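My questions all concern the structure below.
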Amino acid sequence: MRDWEPRRLAQAAGAQLVVEPARVSSGMPTGPRGASVDSRELRPGELFVGLRGEREDGGGYAAKALSAGAWGVLVTPEHARVLAAAANAGEVTNAGAGAVLAHEDPLGALHALARAWRRELGGRGARVVAITGSTGKTSTKDILAALLGARTRVAASPANRNTEIGLPLALLGAPKDVEVVVLEMAMRGAGQIAQLTAIAEPDVGVIVNVGPAHLQLLGSLEAIAAAKAELIAGLQSGVSVVVPAGEPLLARHLRDDVNTITFGEGGDVRLVERRADGSVLIVAGGEEIELWPSFAQAHNLLNLLAAVAAARALGYTPSGRVEVEFSAMRGQREALAGGALLIDDCYNANPMSMRAAIDDLAETARARRVAVLGDMLELGPDAERLHREIGRHAGASGIELLVAVGPLAAEMSATFAGEIHCVPDAPAAAETVPGLLRTGDTVLVKGSRGVGLERVVAALGAGGAGEGTTGEGHPGEPSCGEHPVVSAAAAPGRR
C-alpha cells in the first residue's frame with residue numbers, strides 16, 4: 001500500500017477520508033507500510049485500525065497512535081469527528097502524516113482493504129497459499145516458507161496472525177514485490193474459514209488434517225471437517241487444493257473443478273525413505289525428490305509432504321537442505337542448565353497433536369521420558385474420556401514420569417501406569433516440575449493455550465519463555481480459537 005494515494009486507500013476500504021495526511025517530501029511513500037490494531041505495537045508509518053470490542057473501543061487510542069507516528073487511523077465516525085476537530089485545532093501532531101479515515105465497521109473496512117491489497121499483489125503476479133487444519137498448520141506454513149524462500153520472494157503470516165484480525169494484517173504487511181504469500185487460517189466456528197478465504201482468494205489451499213479440536217463448539221468431527229472444507233468451497237475454479245490422502249471426512253467436500261493433490265501414505269506426494277544421514281526421499285507425481293530437512297519428527301515430516309505438494313502446485317520443486325525456524329513454542333528443543341533437554345510445545349494442544357508430541361518424545365529421548373501435559377480445552381462432553389486416552393497412550397509409549405496440569409489432565413491418572421503428579425494449574429506445575437527433573441531427562445511441555453504452560457518453561461530457565469502470550473503487555477494475536485476472543489479491542493490488555 002505504500003504507493004497508494006490516501007483517497008485510493010479510503011476507496012479500497014470503503015471508508016471516508018475525513019482528514020488528509022500532511023504532505024510528505026518528494027520521493028517518500030504516499031501510503032502506509034502496513035497496518036496495526038495495537039497502539040503499543042504500532043510502527044511508524046503504519047495505518048492504525050481502531051477495532052470495537054465488548055469492553056473497549058480501540059478508536060479511543062487513535063490519537064495516541066497518530067502521536068506515535070502512524071500514517072493514519074481508521075476509526076468509527078464518532079472518533080473521526082473528535083480527531084478532525086483536534087487536528088484543526090493543532091492538538092494532534094505527527095511527523096509528516098495524520099490521515100483520518102472513518103467507517104461504521106472498522107473490522108469490515110480492514111477486510112476490504114486487505115482484499116484490495118491482495119488483488120493488487122495478484123495483479124503484480126503474486127500468488128497466495130492458504131493453510132488450515134486441526135493441528136500443524138503453523139509448522140506447515142513455516143516449512144513451506146522455507147522451501148520457497150530460496151527460490152522466490154516469500155511473505156508468510158508472522159507468529160499467529162491467522163484470525164479475522166490477524167490474517168488481513170498479515171496480508172497488508174506483504175511487500176509489493178512479493179511473489180508468494182503464505183497465510184495461515186484458524187477458526188473458532190462455522191463460517192470463519194469461509195470469511196478468511198474470501199479475503200485471501202487463495203491460488204492454493206492446504207488442509208493439513210481434520211481432528212478433534214473445537215469439538216465443544218462444533219459437536220462432531222464431521223462438522224469440524226465441514227468448517228475446514230470452507231476453504232475448498234471458497235476456491236476459484238481451476239486452482240489447487242492439497243488434502244491428506246484417504247481422508248473420508250473431506251471426501252464429500254472435494255470439487256471436480258479444483259485440482260486435488262493428496263499427500264501422505266498412498267497419496268500423490270508421499271515419503272518413501274528416511275535415511276540415516278537425515279535425508280528423506282519423497283515421490284511426488286512420479287518424480288523423486290531428495291531433501292535434507294532440519295527436523296526429523298514424524299508429524300513434521302508429514303507436514304513437509306503437504307508443503308512439498310503446495311510448492312509443486314505453484315510450479316516449484318524443492319531440493320537440497322530445508323532449514324526451518326519454527327514459530328515459538330511449537331516443539332523447540334533447548335538444553336537446560338541442569339542437564340535436561342526441554343521440548344517446548346506449549347502453544348496449544350488437542351488429542352491429535354498431543355499424541356504426535358508424545359510419540360516424538362518417546363522416539364527421540366535418550367534417557368528418562370518426562371511429560372508435562374496440561375488440559376486440552378474445547379473438547380466438549382468427551383473431554384474426560386479423551387484425556388484418559390492420552391494418559392493411556394503416554395504409558396504405552398514409555399513415558400516414565402507424567403505431570404498432569406489442570407482438572408481435565410488429572411483424568412490421565414486413571415489410565416497412566418507410571419509415576420504421575422497431578423497439580424491444579426500452571427503456577428503449581430512451575431513450582432513442582434524443576435524439582436522432579438534429573439540430568440539426562442527429556443521433558444515435553446504441552447497443553448492448550450489457556451493453561452499457560454509457558455510458566456513451566458520459564459521456571460525451567462529456558463530462554464524466550466512466554467513469547468506470544470496474551471494479556472496485559474503481551475498483545476499476542478488470538479490463535480486458533482481454544483477460547484473465544486471477540487476482537488483485539490475486547491481482549492484484556494489489547495488496543
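Taken together, the values in this text are just the output of simple stated rules run on the coordinates, not laboratory data. The structure presented is a predicted model; accordingly, all values stated were derived computationally and were not measured. Cβ coordinates were reconstructed from backbone atoms using ideal geometry, including for glycine residues, and neighbour counts include every protein chain displayed.
Multiplying the sequence separation of Ala367 and Glu78 by 0.36 nm and subtracting their Cα-Cα distance, what value in nm do you get?
Length gained, Ala367 through Glu78: 97.8 nm.
Under unit Cβ charges (Lys, Arg +1; Asp, Glu -1), what dipole magnitude, rounded to 20 debye, does the chain have relative to its Cα centre?
860
Under a 5 Å amide H to amide H cut-off, with H placed in plane at 1.01 Å, what residues pair with Val210 once short-range neighbours are removed?
Ser134
If you don't mind, another one. Taking θ as phi - 60°, what are the ³J(HN,Hα) couplings along the range 201-208 by the Karplus curve (6.51, -1.76, 1.60), each to the nearest whole Hz, with x for Gly and Pro?
Per-residue couplings from phi come out as 6, x, 8, 9, x, 10, 10, 5 Hz.
At what distance in nm do the modelled label points of Ala159 and Arg33 sit from each other, each positioned 7 Å from its Cα along Cα→Cβ?
The answer from the label model is 1.7 nm.
Fully extended, how many nm does the chain gain between Ser294 and Ala417 (0.36 nm per residue separation, minus their Cα-Cα distance)?
This chain segment gains 40.9 nm when fully extended.
On to the next question. So what are the chain's ellipsoid semi-axes, whole angstrom, largest first, if each one is the square root of 5 times an eigenvalue of the alpha-carbon gyration tensor?
40, 28, 20
Test of understanding: what is the full-extension gain from Arg151 to Arg392, defined as 0.36 nm times their sequence separation minus their Cα-Cα distance?
82.3 nm is the gain from fully extending Arg151 to Arg392.
If you project the alpha carbons of the range 124-322 onto the principal axes, what extent comes out on each, in Å, largest first?
Reported extents, whole Å, longest axis first: 44, 39, 31.
Here is a follow-up. Under 5 Å between amide hydrogens, which residues at least 5 positions from Val241 or on another chain qualify, with H placed 1.01 Å from N in the peptide plane?
It is Gly205, Asn259, Thr260, Ile261, by chain and number.
Also: Projected onto the charge dipole of the chain (+1 at Lys/Arg Cβ, -1 at Asp/Glu Cβ, origin at the Cα centre), which of Leu249, Leu74, Val181 gives the Cα projection farthest towards the positive end?
Toward the positive end, the furthest listed residue is Leu74.
Between the alpha-carbon centers of the range 318-393 and the range 404-418, tell me the distance in whole angstrom.
Taking the Cα centre of the range 404-418 as reference, the centre of the range 318-393 is 16 Å away.
Using per-residue counts of other Cβ atoms within 10 Å, averaged over each peptide, order 284-290, 68-74 from highest down.
With the highest mean Cβ count within 10 Å placed first, the list reads 68-74, 284-290.
Would you be so kind as to identify which of Ala194, Ile224, Gly264 lies farthest towards the positive end of the dipole of the range 124-322, taking Lys and Arg as +1 and Asp and Glu as -1 on Cβ and the Cα centre as origin?
Checking the options against the dipole of the range 124-322, the answer is Ala194.
Given 5 Å bins starting at zero, what is the percent of C-alpha pairs of the range 6-108 in each, up to the one with the largest pair distance?
3, 15, 27, 28, 19, 6, 2, 0, 0
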